[in-house]
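Let me begin by presenting the structure, written as structure tokens, before commenting on it.
The values are calculated or read from the model by the stated rules, or taken from the named source; none is laboratory data. What you see is a predicted model; the values in this text were computed from it and never measured. Heads up, the Cβs are rebuilt from the backbone with ideal geometry, glycines too, and the neighbour counts pull from every protein chain shown.
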Amino acid sequence: MRRAALMLALAVASLACDEGDVARAGALPDAAAALVDAAIDADPFLPAHDATVTDWGPPPDAPPPPQVAAAWSGFAGDVALYARNQVTGEALAHDADRRLYGGTLERLLAAVAWSSAVADGRLAPDATFPLRADLRRGSPGLASTPTDTVSLADLARATVVDGDLTAEEALVEALGGESAVSDTVASLGIAGLGAYLGPCSRARALAEALVGGAIDADCAALSAWVDGGDPSGLGFAPPPVDATRRREAVDAVTATGLATLTAAALGELLARLDALTLLGPRTDAPLRALLDDSLGAGGGADDLPRAAWAGSLCGATPSGRHWVGLLRGAGDPAVLVVLTVGTEGGEAEEGQILRDAGREAWRVLVGALDPQPPAFVEAPPWLSDAVLLDAGDAAPCDALDADFSAARDCRRQHARATFSTGDRPGVSVLMDDPPPVAVAWIWEDPSGRRYRYQVRFAAHHRWVWTRSLRIRTPGDWRVDLMFDGVPGAAFTFPVR
């Protein structure tokens, strides 16, 4: 019987991409650090579909059914959708070949070029790169680290998983510049992927479109204004910028064909990456592992099937938000891409489009939204414990005394788990020498809405990982712990 495998690729456009009150806490060691060392032969998520099939064919002419199109009814902006079940060939499309601005989702193209350079032996993952002052920009991360040099592997991880603009700028320079990335992208033969622009060039293009002329300012100042609204480094007072002007600037950059993407192109790229046929198995596997380690915020992921694994990237533009991801583990392999660009910056509205369009496209192409997960039989031998944090009982932390940092973090997390609104109850998982395994924490509030967090661990380590969630809704809550989509533990607790 075919092993269930599903791949879902989502891409949506809005103003911000963060996890809000959902925050990762405490791990020893860092799971992501070993991802690139995981052998693909032991990967539990190799797709069940025929990886040799690369002929996607043109998008269908028929519009998506009404229940899918209803997701963006009345939306004051543009929506592009591409969805395809890779087993049956059934597909849905709406403006799938329309070019839209890629924003920070462009980092996926830089990561593809990085994978190619490592595979060809042009770059060594353990080589280091200097973090010069002129490269530091964007939100806290590498921009604020006191470190002078960073390994190229760490730059790639920060680029893909964290969306770190400093890391992306440094990685692209190490690759040989934007033209080197564009050359690799062109070699893929995927129509609809425009020439790559790095963070500095994107910021400059948008800033100059906003003011209607050239700006004599460095990249840090341009990024601070375009990304953070701070014009103090420009050397002049720019005109006021509202949502309409931002959209006009995005359209002006899009018209150049630079830093643009289509829904169909993203779908093909992610499908080939998932099937390890983009650049080749040994080249694609580390990049896919990094993508699997990332679960971008911005809607959509909360409503995915319970017994599914998702990896995603969140991307931002001045007039929208992107969300692209891979989902496997429940149903047929499938691809879904949704791109939106608003005119009024309706972040919540665009997030809702993603959730509704994704949910309904799933039902049309795959079937039931929430198939029953495999039955839990017994805990795997490498699972030492799974503990619901409770401020009144920190005894489970005692088992970690051999490692001070893990025990300290465990007690800190327990102290915050009072089961009162505004606090952060969580679940700690302890694993000794597991195989490569994906762990998902799925929180469910009293209304049935879910909040998902996932991480993919490499083999042969001792992992201690705590996930907490700030809860603002009183009532009876539930959290499920899944290992490779198989239930491993479930907890219920009342929130006062």
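See the values below:
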| quantity | calculated |
| --- | --- |
| Single condition residue 225 does not satisfy, out of (1) surrounded by fewer than 21 Cβ atoms within 10 Å (Cβ to Cβ); (2) aromatic (Phe, Trp, Tyr); (3) assigned by TED's automatic domain parsing to the domain that holds residue 241 | (1) |
| Search result, residues across segment 180-237 that are under 25 Å from the mean Cα position of the chain (by Cα) and of a type in the set (S, T, N, Q) | 182, 184, 187, 201, 223 |
| Qualifying residue in segment 449-466 (condition: within 23 Å of residue 290 (Cβ to Cβ), crowded, with 16+ Cβ neighbours inside 10 Å, at pLDDT 85 or above and not small (Gly, Ala, Ser)) | no |
| Residue check for residue 224: over 30 Å from residue 117 (Cα atoms), small (Gly, Ala, Ser) and in a helix (DSSP H, G or I) | yes |
| Meets criteria (modelled with pLDDT of 80 or more and closer than 30 Å to residue 370 by Cβ) for residue 433 | no |
| Single match in 70, 93 (criterion: surrounded by fewer than 16 Cβ atoms within 10 Å (Cβ to Cβ) and modelled with pLDDT of 50 or more) | 70 |
| Whichever residue in segment 276-315 is of a type outside the set (A, V, I, L, M) and at pLDDT below 70 and, among such residues, is farthest from residue 160 (Cα to Cα) | 303 |
| Selection status of residue 251, acidic (Asp, Glu), farther than 20 Å from residue 79 by Cβ and part of a helix (DSSP H, G or I) | no |
| Output for segment 188-208, where each listed residue is part of a helix (DSSP H, G or I) and not hydroxyl-bearing (Ser, Thr, Tyr) | 199, 200, 202, 203, 204, 205, 206, 207, 208 |
| Test result for residue 427, at pLDDT 80 or above, closer than 18 Å to residue 305 by Cβ, surrounded by 19 or more Cβ atoms within 10 Å (Cβ to Cβ) and hydrophobic (A, V, I, L, M, F, W, C) | no |
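A quick yes/no check of all residues on (1) modelled with pLDDT under 95; (2) farther than 20 Å from residue 101 by Cβ; (3) surrounded by 22 or more Cβ atoms within 10 Å (Cβ to Cβ):
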position: 148; (1), (2), (3): yes, yes, no
position: 151; (1), (2), (3): yes, yes, no
position: 159; (1), (2), (3): yes, no, yes
position: 167; (1), (2), (3): yes, yes, yes
position: 170; (1), (2), (3): yes, yes, yes
position: 183; (1), (2), (3): no, yes, no
position: 189; (1), (2), (3): yes, yes, no
